[in-house]
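Here is the structure we will look at, set down as structure tokens.
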Amino acid sequence: MRYHDLDEVSYSLIKEGQPYQKVLGEFLLDWIDKKNTIVLKTSGSSGIPKNIRVEKQYMVNSALATGSYFDLRPGQAALLCLPGNYIAGKMMLVRAMVLGLELDWVAPSMNPLRTMDYCYDFCAMVPMQLENSLDQIDKIKTLIVGGTPMSDSLREKVQDKKVNVFETYGMTETLSHIAVRKVNHGATDYFETLPNVKIHSDERDCLVIKAPEISKEPIYTNDIVELQSDQRFKWLGRYDNIINSGGVKLIPEQIEGKLATLLKKRFFIVGLPDKKLGQKVALLIESQHKDTGLLEKIKTLETIKKYEIPKDIVCIERFVETGNGKISRPETLLLLQNGKDI
């Protein structure tokens, strides 16, 4: 597709397309206008969703960095199966335009490969899409997975797959991922930054990103990390999720990783008010019925420490989600505090 044909394609998508295609058309119109900047919407997974304005050139630079890291070349086939409302979907479009990829798109769904017979060189998914596509995932050569961390059980399930799976680290402010880590065929616990990205940590042990090609200023995050170098780090959890229980600081995401082998339904760990401890560790499960034997099962885990064992288990019929399907911990907690759906 020639670049100057995009206006015709955009109008066609907006006028005749399905809802997910209209969103893509609207983005393409914004992309080809005469402005140097574009407005992006954050997901709201770690706070209130907001609009931010970024340089289009920064998005081009991000696409070039991804292309360089994964050796993407003109004419290779890519699949867009993410919503176009948020940065991950938008950047797939930008990569296709900048790198000359042949892009197909399908309506976002939990199993985007179910009707696909074609094979693709490159694709991006969220963990739930990968989970539901395991029997067809070898239709993809290189898959990047982001949005939320992959569970240990999901990582295990892709070890014998031919597809090269990479977990990504990024956010709207970093214009999709700025670091990736291999999940299979040479898996590592550490994320490696893309070209021209350097990192360090602040006094909270939270990641600070210096990436002049996508941001004029350093990007300060609330992600607690273990640094290996100025280009490699291990993600531990969110600073704003830390639980202070009797003076012991606990990272919920670390506890969640230990519980993932026991729980099939969606869940997360949170600190609830406690008169004695200040905060107590609580397990929130998306379920209508409580498993009366779950606590005893948790206590048998060899990896879990005594102070990490939940003091309370709460069932919520349905977690609150952000616009792109992530669990909204703050809003789900508010639901809990209001005593609804418990």
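Taking the conditions (1) in a helix (DSSP H, G or I); (2) out of contact with any Gly (no Cβ under 9 Å at 6 or more places or on another chain); (3) open to solvent by 20 Å² or more (accessible area, probe 1.4 Å) in turn, Val98 satisfies each one other than (2). Go through the range 253-264 and count every residue that is touching a Ser or Thr at 6+ places or on another chain (Cβ under 9 Å) and open to solvent by less than 40 Å² (accessible area, probe 1.4 Å). Within the range 253-264, residues that are touching a Ser or Thr at 6+ places or on another chain (Cβ under 9 Å) and open to solvent by less than 40 Å² (accessible area, probe 1.4 Å) number 3.
Those residues that are hydrophobic (A, V, I, L, M, F, W, C) and either buried (at least 22 other Cβ atoms within 10 Å of the Cβ) or in a helix (DSSP H, G or I) (or both), I need them from the range 73-88; list them, please.
Ala78, Leu79, Leu80, Cys81, Leu82, Ile87, Ala88
Among the residues of the range 233-251, those identified as within 17 Å of the chain's Cα centre (by Cα) and in a strand (DSSP E or B) are Phe233, Lys234, Trp235, Leu236, Gly237, Arg238. Based on what the data block shows, is Ser68 of a type in the set (S, T, N, Q), farther than 18 Å from Glu173 by Cβ, open to solvent by 40 Å² or more (accessible area, probe 1.4 Å) and out of contact with any Ser or Thr (no Cβ under 8 Å at 6 or more places or on another chain)? So Ser68 passes the test.
Cβ-Cβ distances below 9 Å connect the following pairs, each with a first residue in the range 320-335 that is on the phi > 0 side of the Ramachandran plot, a second residue that is surrounded by 19 or more Cβ atoms within 10 Å (Cβ to Cβ) and hydrophobic (A, V, I, L, M, F, W, C), and a separation of six or more residues or different chains: Gly325/Val126.
So which residues in the range 233-252 are charged (D, E, K, R) and crowded, with 18+ Cβ neighbours inside 10 Å, if there are any at all?
Selection gives Arg238 alone.
Among the residues of the range 105-125, are any assigned to a helix (DSSP H, G or I), of a type outside the set (Phe, Trp, Tyr), buried (at least 22 other Cβ atoms within 10 Å of the Cβ) and touching a residue at least 24 places away in the same chain (Cβ under 8 Å)? No; the residues of the range 105-125 include none that is assigned to a helix (DSSP H, G or I), of a type outside the set (Phe, Trp, Tyr), buried (at least 22 other Cβ atoms within 10 Å of the Cβ) and touching a residue at least 24 places away in the same chain (Cβ under 8 Å).
The values are calculated or read from the model by the stated rules, or taken from the named source; none is laboratory data. Because the structure is predicted, anything quoted here is derived from the model rather than measured. Cβ atoms come from the backbone with ideal geometry, glycine included; neighbour counts cover every protein chain shown. Surface accessibility is based on the protein's heavy atoms, side chains included, excluding ligands, DNA and RNA. Shrake-Rupley method; radii C 1.70, N 1.55, O 1.52, S 1.80 Å.
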